[in-house]
Amino acid sequence: MKPVEIILAESLGFCIGVRRAVEKAEEQAARAKKVFSLGPLIHNPQEVSRLAGRGVTVVDGLDEVPDGTVIVRAHGAPPEVYRAAASRGIEVVDATCPFVFSLQRKAMALADAGYQVIIVGDPAHPEVAGVVGWTGGRALVVTGEEDVERLPLTGRVGVVAQTTQRKDNVEAVVARLKAKGQEVVVEQTICRATAERQEAARRLAAHVDVMVVVGGTTSSNTQKLATICRDAGARTYHVESASDLDPNWFCQAKRVGVTAGASTPDWVVKEVIRRMEELVQAEGVAETQAQQTGEPGAGGEQAGGTPGPQNGQEERPHIEMRSFRPGQLVQGTVVHVDSDQILVDVGYKSEGIVTRAEMSLRPGQEPADVFAEQCDPALEQRVG
Ligand code: SF4
């Protein structure tokens, strides 16, 4: 009997912003007596529950914090939160993702320069609410091009996007604004982690019968991955954990793809894969590249060879595992620069931080004098 293949997306799971927030929370839990996170640290109930076991308590607002340390999560927070904490002597550990921080600064700069800031995103999402706060409450939020008509626009417009937005949605909003004759400046704020996971999911979904998307049901980036997989033609299921898997999903399937949102920890992905292996073995023989997700040094085998079900001529996705050892020289792409650090994308599931102390800067030199972010030219357009 032909094996049922379980194929992993080239890029999936924890992004650098989420990994950093979890690490900061764990550090604080080990150090401080009372540690609170303003809202769930990430959109993954299993990971939030694990952190709660280590002493990180989720609160809805500062009024629930008697004293101690508060962690601002990767989504960021509006300036009022920092002011209120300072006035009450509450320590703030800022785990705002560097990409979200950059979005906040770009929105604030546009607002200060007199642009009407338009945020393409979900108005109910805390990241968006935080960005609105950094514009002094002046930014307008649109979910898509259909919202543009109702905007009260008169002057210059500056567009930023929630970091997890789909590029095509932002492009549609920009096109509609230009069609209305607006003078438009667009800042690139979509995070590469999101774009990479979306592109990898799209490629894989076009070559499998079933896609399993792993992540919290409230995770915006995981929901978008599921939509992309459906749009690519795969029968798609969004699960939070292994217990959500249904054996009937894999009947008749020859290839099953797996991807995971940026807030999904590796251990949850591994549990899902282990359960899927059991379920597909009930159907036939499982041939899985599951080891390629997690343990460094394992796997690395290419999933090549057999034609895909929807296009017999195309090659199947190449799946690569990269692991690194201390002292190894690697090439990467600078994806974010700020005054204290740069973020470098060094390949599959791997992004690194180079701190200012690790750079050979001359006196008076800033990281931005030496490093430049590689931007997406399709979105980095400046008009008028
Ligand atoms: Fe940061 Fe991107 Fe992760 Fe959001 S998805 S936390 S913006 S790295």
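The values are calculated or read from the model by the stated rules, or taken from the named source; none is laboratory data. Just so it is clear, the structure is predicted and the values come from calculations on it, not from any experiment. Positions of Cβ are generated from backbone atoms using ideal geometry, with glycine treated the same way; all protein chains shown enter the neighbour counts.
Within segment 62-97, which residues are within 15 Å of Leu41 (Cα to Cα) and hydrophobic (A, V, I, L, M, F, W, C)? Scanning segment 62-97 gives Leu62, Val70, Ile71, Val72, Ala74, Ala77, Val92, Val93, Ala95, Cys97.
In the set (1) buried (at least 16 other Cβ atoms within 10 Å of the Cβ); (2) touching a residue at least 12 places away in the same chain (Cβ under 8 Å), the condition left unmet by Val48 is number (2).
Taking the stated definitions as given, is Ala52 assigned to a helix (DSSP H, G or I), over 23 Å from the mean Cα position of the chain (by Cα) and either more than 16 Å from the ligand (Cβ to nearest atom) or more than 28 Å from Gln182 (Cβ to Cβ) (or both)?
Values: assigned to a helix (DSSP H, G or I): yes; over 23 Å from the mean Cα position of the chain (by Cα): no; either more than 16 Å from the ligand (Cβ to nearest atom) or more than 28 Å from Gln182 (Cβ to Cβ) (or both): yes.
When the stated conditions are applied, Ala52 does not pass them.
Residue check: Glu10 meets all listed conditions (1) at pLDDT 90 or above; (2) within 14 Å of the ligand (Cβ to nearest atom); (3) assigned to a loop (DSSP other than H, G, I, E, B) but one, namely (2). Taking first residues from segment 259-280 that are within 23 Å of Gln165 (Cβ to Cβ) and partners that are more than 13 Å from the ligand (Cβ to nearest atom), the Cβ contacts under 6 Å between residues at least 6 apart in sequence or on separate chains come to Thr259/Ala9; Thr259/Ala201; Thr259/Val213; Ala260/Val214; Ala260/Val269; Thr264/Val214. The residue pairs whose first member lies in segment 142-169 and is free of Cβ contacts under 8 Å to residues at least 40 places away in the same chain, whose second member is within 16 Å of the ligand (Cβ to nearest atom) and in a strand (DSSP E or B), and whose beta carbons are closer than 8 Å, counting only pairs six or more residues apart or on different chains, are Val142/Ile119; Val142/Val120; Thr143/Val120; Gly144/Val120. Across segment 257-270, the number of residues qualifying as over 17 Å from Ala193 (Cβ atoms) and at pLDDT 95 or above comes to 2.
For segment 146-172, the set of residues classified as within 16 Å of the ligand (Cβ to nearest atom), in contact with a Gly (Cβ under 9 Å, 6 or more places away or on another chain) and in a loop (DSSP other than H, G, I, E, B) consists of Gln162, Thr163, Thr164, Gln165, listed by residue number.
Residues are listed down the side, and each one gets a yes or a no for (1) among the basic types (Lys, Arg); (2) within 16 Å of the ligand (Cβ to nearest atom); (3) in contact with a strand residue (DSSP E or B) (Cβ under 7 Å, 6 or more places away or on another chain):
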| site | (1), (2), (3) |
| --- | --- |
| Glu26 | no, no, no |
| Val48 | no, yes, yes |
| Ile90 | no, no, yes |
| Asp94 | no, yes, yes |
